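The values are calculated or read from the model by the stated rules, or taken from the named source; none is laboratory data. No experiment lies behind these values; they were computed from the predicted model shown. Note that each Cβ is placed from the backbone with ideal geometry, even for glycine, and that neighbours are counted across all protein chains shown. In case anyone asks, the SASA skips ligands and DNA or RNA and just uses the protein heavy atoms, side chains included. Shrake-Rupley method; radii C 1.70, N 1.55, O 1.52, S 1.80 Å.
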Amino acid sequence: MTGLIAELRRAARGEVIEHAPLASRTSVRVGGPAKVLVKPNDPRALVEILGLLRGAAVPWVSLGGGANTIVGDLGVNGAVIRLGQDFAAEEVEEGGDHVVLTLGAGAPIARFLSLAKEQRGVGVAWAAGIPGTVGGLVAMNAGTPAGCMADHLLAAEVASPDGLRWVDAADLHLAYRHCELPPGSVLTRARCRVRRGSEGDLIEQQRVAKADVDRRRATQPLNMPNSGSVFVNPRGDFAGRLIEQAGLKGTTRGGAQISDRHANFIVNLGTAKAADVVELLALARRTVLDRTGIELRPEVRLVGDFDPPLPPELQAHHLQPVLPGLEVAAVEMPDRTKSCLRVQP
């Protein structure tokens with residue numbers, strides 16, 4: 001491994017950390033370390049890193065901004081790839097009544113909003129208050145009842161050991177909280193179309209964005225470590241309502257709690273382990289299924305090695321590290337017919 005670490009450091013031209021803690025790199029603040037954390041300097045460096053990992057048969061996962069992710073207490077027995085905010089250069093293409101924005105996958109979502117504002121772009125207020133990165137917006141097709149990434153995405157650039165290439169949005173099969181990236185690839189950039197508006201449109205967008213952020217602050221436990229919404233909303237209903245109706249709001253296990261503010265959030269009270277979060281996740285899913293017959297599907301990514309092992313019903317949602325040369329089956333998608341589910345969370 002020593003020789004590989006030296007090669008990774010040469011190729012990355014950025015950070016390469018052995019036995020890197022991951023809890024502090026996720027929004028819920030749980031989980032064990034990565035065998036090695038790699039932060040490449042740019043897309044070309046990433047291609048070289050993926051080639052090195054393939055040559056050494058080292059499995060890897062891409063962490064992103066750490067939102068919507070629960071890392072197991074035993075950590076990740078392989079490489080974790082994380083892209084920096086300045087990983088890729090921004091581009092702006094004029095389009096008359098619209099503008100095309102290209103941002104790196106590691107850029108914060110707030111930068112997507114600010115760049116759109118600089119170009120008089122409107123229709124993106126839905127992204128205000130969503131945590132994470134542009135890459136996460138694409139990979140989760142994140143959104144709200146007012147819109148989602150599928151409304152804007154034209155194409156995504158991905159890296160593999162064979163190089164960089166652009167994939168049309170139509171080929172990503174975007175659906176509610178779902179995106180099918182090519183197996184064995186890492187998202188590097190996103191190209192988005194944003195409509196241009198008048199000064200009045202911009203003012204209204206700022207008002208809508210502020211109202212959405214204020215609503216989130218009033219109804220969601222944003223002052224505590226959490227992984228965001230735990231389950232996707234089932235068609236015509238709300239996961240939080242179902243969990244609260246099942247009497248689980250405020251339930252604790254170890255240092256984790258089903259939030260007493262919003263039942264579709266699991267918060268870290270300060271001493272939580274991934275096992276505590278998973279126990280609550282399984283409890284909520286099982287109880288709602290028993291009482292209503294509705295099967296809640298996790299929105300969070302379950303990454304790494306868990307102790308105790310994940311229960312059988314959550315195994316299908318366990319994101320396995322990519323084993324170079326082997327294709328990874330996609331996690332079951334919630335609804336193939338919907339790119340955005342227009343319900344109030």
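Taking 30 Å as the cut-off for C-alpha to C-alpha distance, list the pairs among Lys117/Lys273; Lys35/Lys273; Lys35/Lys249; Lys249/Lys273 that go past it.
Violating the 30 Å Cα-Cα cut-off are Lys117/Lys273; Lys35/Lys249.
Working with all protein chains in place, sort Lys249, Lys210 by solvent-accessible area computed with a 1.4 Å probe, largest first.
Lys210, Lys249
Evaluate the Debye formula for region 1-141 with equal point scatterers sitting on the alpha carbons, no solvent, and hand back log10 of I(q)/I(0) at q = 0.10, 0.13, 0.14 Å⁻¹, in q order, two decimals.
Computed log10 I(q)/I(0) values: -0.39, -0.62, -0.70.
Connecting C-alpha atoms closer than 10 Å in a GNM of the chain, tell me which of Ala272, Ala139, Ala170 has the biggest fluctuation.
Ala170
Using alpha carbons only, how many angstrom separate the centre of region 276-312 from the centre of region 25-71?
First find each Cα centre; the distance between them is then 24 Å.
How much accessible surface does Lys273 have with a 1.4 Å probe, in Å² rounded to 10?
Its heavy atoms expose roughly 120 Å² to the probe.
Could you check which residue among Asp171, Asp97, Asp151 shows the biggest mean-square fluctuation in a GNM of the chain with a 10 Å Cα cutoff?
Residue with maximal mean-square fluctuation among Asp171, Asp97, Asp151: Asp97.
Rank these residues by their accessible area, most exposed first, probe 1.4 Å: Ser160, Ser198, Ser227.
Ser198, Ser160, Ser227
Using a probe of 1.4 angstrom, how much of the accessible area of the chain is carbon and sulfur, in percent?
49 percent
So which DSSP H runs in the chain come out at 24 Å plus along the axis (Cα) with average Kyte-Doolittle of at least -1.0?
Answer set is 274-292.
Could you give the C-alpha radius of gyration of region 76-125 expressed as a fraction of 2.2 N^0.38 Å, taking N as the number of residues it contains?
1.43
What does the accessible area of Leu222 come to, in Å² to the nearest 10, when a probe of 1.4 Å is used?
90 Å²
With an 8 Å cut-off on Cα pairs and a minimum separation of 6 or more residues, tell me the relative contact order of region 1-95 in percent.
Normalised by residue count, the contact order of region 1-95 is 32 percent.
What is the magnitude of the charge dipole of the chain about its Cα centre, with +1 placed on the Cβ of each Lys and Arg, -1 on the Cβ of each Asp and Glu, and no other charges, expressed in debye to the nearest 20?
The calculated dipole for the chain is roughly 600 debye.
Based on alpha-carbon atoms only, what is the radius of gyration of the chain relative to the globular estimate 2.2 N^0.38 Å?
0.97
So which residue, out of Asn233, Asn223, Asn264, gets the largest mean-square fluctuation from a GNM of the chain using Cα contacts under 10 Å as springs?
Asn223
Cross-link candidates for Lys39: which aspartates and glutamates have Cα within less than 16 Å, leaving aside residues fewer than 8 places away along the same chain?
Within the straight-line limit of under 16 Å, Lys39 reaches these aspartates and glutamates: Glu7, Glu15, Glu18, Glu48, Asp86.
Return one whole number: the accessible area per residue of the chain in Å², for a 1.4 Å probe.
Using a 1.4 Å probe on heavy atoms only, each residue of the chain averages 43 Å².
Given +1 on the Cβ of Lys and Arg, -1 on the Cβ of Asp and Glu, and no further charges, what dipole in debye does region 63-208 carry about its Cα centre, rounded to the nearest 20?
Charge dipole, region 63-208, about its Cα centre: 260 debye, nearest 20.
I need to check one value: relative contact order of region 102-156, counting alpha carbon pairs closer than 8 Å and at least 6 residues apart, in percent.
The normalised contact order for region 102-156 reaches 34 percent.
Return the whole-Å distance between the Cα centroid of region 157-183 and the Cα centroid of region 198-261.
Using only Cα atoms, the two centres lie 28 Å from each other.
Contact order normalised by length for region 249-316, with contacts defined as Cα pairs under 8 Å and 6 or more residues apart; what percent is it?
After rounding, I find 23 percent.
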